[in-house]
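Take a look at the structure below.
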Amino acid sequence: MERKEFLKRGFTSLLGFMAVAPMIGACKDSDVGPTTDSTTSTNGSSSSSCAVTPSETEGPFPTKKPANFVRKDIRDDRTGIPLAISITIKNAGNGCAALSGALVDIWHCDKDGYYSEYGGSGMQSLNLTAVDFLRGRQTTDANGLVEFTSVFPGWYSGRAPHIHVHIYNASGKSLLVTQIAFPFDISNTVYTTGQSYGYTKGTQDTKNERDNVFSDGFATELATVSGSNAAGYTLTHTIVVNG
């Protein structure tokens, strides 16, 4: 089944199955190791209400062995407009205090909409099983902060642009799997004016409001993004867990 058809027709029905037997070993394979011109759009500030960030699906392209990717710069050979990512983790169980020592894994597609570690059949025809770009792990500091250096993700049919996040506590217990949404105006600027940086697909075909993951509400999953094509972009976001 092609990826577009899967996402538009079958994604919701697979969520229950994935909770029991995650696609391609999503959970069972997750190793936990030790430790200028500017446009701005803001999010719903999940930290102000201390509401736990919604849980979302980890699949269908989770990092198979995240402990192998303890690194800040996750670009590898991927090109595109630079994106600096800053994620703060807060603990709803401790008055929304910063959660230090948490393990934070992120992964997302490249500018063309492809994921590393997968492909060759089914949902992703391009075989990228031999590479591992745009996947990384960092440990939160005393302020609950992790930072990554990446590129602005592209989009693929049936999904709005997004970043996957899996958070563990210091001992390796899974606390939350979620996703980060992008403001449409920023994404549209990249996709419609960033041809010289390799973004050639044009406007995304699915907005957050119609996305299978975000359509039930995304105020606390929407990132703050600022910057420009020429200068690069900065993404900041707060995620609240029960730590």
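Here the Kirkwood formula puts the hydrodynamic radius of the range 65-148 at 14.2 Å, using every distinct Cα pair.
Distance in nm between label sites at Ser174 and Cys50, each 7 Å beyond Cα in the beta-carbon direction? Between Ser174 and Cys50, the simple spin-label model gives 2.7 nm. Descending by average beta-carbon neighbour count within 10 Å, the peptides 210-220, 134-144 line up as 134-144, 210-220, the highest first. Pairs spanning more than 21 Å between alpha-carbon atoms, out of Lys111/Lys207; Lys65/Lys207; Lys90/Lys207; Lys72/Lys111; Lys72/Lys207: Lys65/Lys207; Lys90/Lys207; Lys72/Lys207. Note on Lys72 and Ala230: the extension gain reaches 54.7 nm, defined as 0.36 nm multiplied by sequence separation minus the Cα-Cα distance.
Working note: Karplus 6.51/-1.76/1.60 with θ = phi - 60° gives the range 165-181 the couplings 9, 10, 10, 10, 7, 4, 8, x, 6, 5, 9, 6, 10, 8, 9, 10, 8 Hz, where Gly and Pro are set to x.
Label separation (Lys207 vs Asp185): 1.3 nm, computed from points 7 Å beyond Cα along the C-beta direction. Given their separation in residues at 0.36 nm each and the Cα-Cα distance between them, Thr149 and Ala97 gain 16.2 nm when the chain is fully extended. Using the Karplus relation 6.51 cos²θ - 1.76 cosθ + 1.60 with θ = phi - 60°, the per-residue 3J(HN,Hα) values for the range 203-211 come to 4, 4, 8, 9, 7, 3, 5, 10, 6 Hz, with x marking Gly and Pro.
Would you kindly state how much longer the chain becomes between Thr139 and Thr200 on full extension, computed as 0.36 nm times their sequence separation minus their alpha carbon distance, in nm to one decimal?
That pair, Thr139 and Thr200, stretches by 18.5 nm at full extension.
Just so you know, all these numbers are worked out from the coordinates, no wet-lab data involved. Note that the coordinates shown come from a computational prediction; the quantities given were computed from them, not determined experimentally. Methodologically, a virtual Cβ is constructed for each residue, glycine included, from the backbone with ideal geometry; neighbour enumeration extends over all protein chains shown.
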